[in-house]
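The values are calculated or read from the model by the stated rules, or taken from the named source; none is laboratory data. These numbers were taken from a predicted model, which means no experiment stands behind them. Virtual Cβ from ideal backbone geometry, glycine too; neighbours counted across all protein chains shown.
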């Protein structure tokens, strides 16, 4: 328990799985009713992200606008707006636009991938690979410009069953009743992992802090074009750590 707190900033809790599993707030939202019967140990991995923008969206500029779910159907959403200098690009071969919104400190950024067409998300996803993401968002492809950005408030929450995924990655023995060995925990050799569930949560709102005084000032001519980047139809986003180009979250917004 001490090592879990020290190295993982996590905790261990006792729960009566047989009689009161659903009473544990941290467990019940991840596991369906009666799914924890005969359970000895549950490892819960919940990831939460709510970053502060480097330059906030002014709530006074948030308006109700239509978000198109497809070519024929729309719904009203709260659309945030910011006219500012952003790093962005338009890739005609991909038929999509990409824009970067830095978080406070600029160590992290949210990248928005917006298809040109309302129904263009599937084509974009079909070409989505780690290598392509790095290429699309490289400094050779993206540059600073004045952008009129509309971005809906949204919240994405999802749970995943990871047993098959982990086995495919090589974690096999832990799920095998004959080969699993967790005797270091209990002194017994009758424990085996039956399920691995992962839950992630991302919320995007206007909240943030103004850019620090040391932020570079962008100066553009008054006649410079203002590029529209209106996320009023399904789009992709990912949150990355800029120094390592590591993707922390990747998601789809199809109905804010």
**OP:** Report whether or not residue 94 is assigned to a loop (DSSP other than H, G, I, E, B), under 22 Å from residue 226 (Cα atoms) and either assigned by TED's automatic domain parsing to the domain that holds residue 244 or touching a helix residue (DSSP H, G or I) at 6+ places or on another chain (Cβ under 9 Å) (or both).
**Re:** yes
Subject >> Which numbered condition residue 83 misses (of (1) modelled with pLDDT of 65 or more; (2) outside any loop (DSSP other than H, G, I, E, B); (3) in contact with a helix residue (DSSP H, G or I) (Cβ under 6 Å, 6 or more places away or on another chain)) >> reply: (3)
Subject >> Residue within region 145-160 that is without any contact (Cβ under 8 Å) to a residue 60 or more places away in the chain and more than 18 Å from the chain's Cα centre (by Cα) present >> reply: no
**OP:** Please tell me if residue 165 is more than 30 Å from residue 83 (Cα to Cα) and modelled with pLDDT under 85.
**Re:** no
